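Heads up: the structure comes next, in structure tokens.
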Amino acid sequence: MGRCIVVTSGKGGVGKSTITATLGMAIAEAGARVTLVDADVGLNNLDLVLGIEGAVSYDITDVEKGRCRLGEALVEHPFNENLSLLSSRALGGGALSQKGFAAVITALRRSADYVMIDCPAGIDEGFHRAVSCADEALIVTTPVPASVRDADKVSDLLAAYRLRRVEVVVNRVRGDLVLKGEVLGVGDVMSALRLPVVGSVPEDDEVLLSATVGRISDRESECYRSVCMIASHVMMGTDMVYDCTKRYRGLIGFLRRMTR
Ligand SMILES: Nc1ncnc2c1ncn2[C@@H]1O[C@H](COP(=O)(O)OP(=O)(O)OP(=O)(O)O)[C@@H](O)[C@H]1O
Ligand SMILES: [Mg+2]
């Protein structure tokens, strides 16, 4: 059975879908079979982030209601056949039951090495449905107090699920602001949440503007390199965290800071 990792946050808009898509791509590029599941029923956008919205014909609700087979609803990514998506495009496709969702996840785990669930924001029914099927969680936060506080609440709620691992990814980190002490650094987030921070992903204008995995997974980008380190951690337990402040250190770094 493949591992099931839920990507959650509490606060909305911190980059769960972006991290799910990019990390999924990085793990698939490393040779494992990855299925991404959009659990944000109604406000789904993982298909868009993956750049495959035109290829989605069926979604998880169709599978649960028996309107199609699981294989028919999975969309393989054109960049890598190891990566596929089970979308949740349908608004009005019928309510998605906890039991039905769990059955679909179990079926996916039989054929994938990793099933990654993109959790909806908030801590209501959709959150619990997504989390209850996982055995590991990645909490995404940005380096600001409001986001960290929500991550902390989520961490408390996750304690009830007895997950094997709960770890944190800090996203949208501006290294220049970390050095100026205007946003939190990795160490600050780690001590605030009392959880291991296994990834730090820089704020990247390209990601913001393009917002699709095609752009994000550009191998030269800082963003993708930082996510590849998270993929190594997930797959092999390495503990290297990308240093978002590095390019702002030294003389050249000082000039970069001045011109940012
Ligand atoms: N590292 C980054 N650098 C720049 N922009 C980013 C980064 N990560 C995410 N974004 C941008 O932040 C916005 C929110 O990202 P995303 O949709 O992944 O968040 P989310 O947590 O899934 O949101 P929601 O809670 O609504 O599901 C998007 O415009 C995305 O492009
Ligand atoms: Mg999202």
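No lab work stands behind these numbers, since they all come straight from the coordinates. Here the structure is a predicted model, which means the values were calculated and not measured. When we count neighbours, we look across all protein chains shown, and the Cβ atoms used for this are built from the backbone with ideal geometry, even at glycine.
Structural remarks
- Under the criterion of Cα pairs below 8 Å and six or more residues apart, the relative contact order for the chain equals 24 percent.
- Computed about its Cα centre, the charge dipole of the stretch 78-206 is approximately 600 debye, with only Lys, Arg, Asp and Glu carrying charge at their Cβ.
- DSSP beta bridges fully contained in the chain are about 10 percent antiparallel.
- Residues of type lysines that K246 reaches as a straight line, Cα spacing below 22 Å, ignoring anything fewer than 8 places off in the same chain: K180
- For the chain, size of Cβ-based charge dipole, Lys and Arg +1, Asp and Glu -1, in debye: 500
- Of the complete DSSP H runs in the chain, those spanning 20 angstrom or more by Cα along the long axis with a mean Kyte-Doolittle score not below -0.5 are 98-111, 222-236.
- Partners of K99 within straight-line reach, counting lysines whose Cα lies under 19 Å from its Cα and excluding those fewer than 8 residues away in the same chain: K65.
- The trypsin sites (Lys or Arg not before Pro) of the stretch 61-156 that DSSP puts in a loop, and whose beta carbon has at most 16 other beta carbons within 10 Å, are K65, R67, R69.
- Judged by the mean number of other Cβ atoms found within 10 Å, the most tightly packed of the peptides 170-181, 5-16, 243-254, 73-84 leads the ranking 5-16, 170-181, 73-84, 243-254.
- Amide H contacts of L36 (H built 1.01 Å from N, under 5 Å, at least 5 apart or other chain): S84, L85, L86, M116
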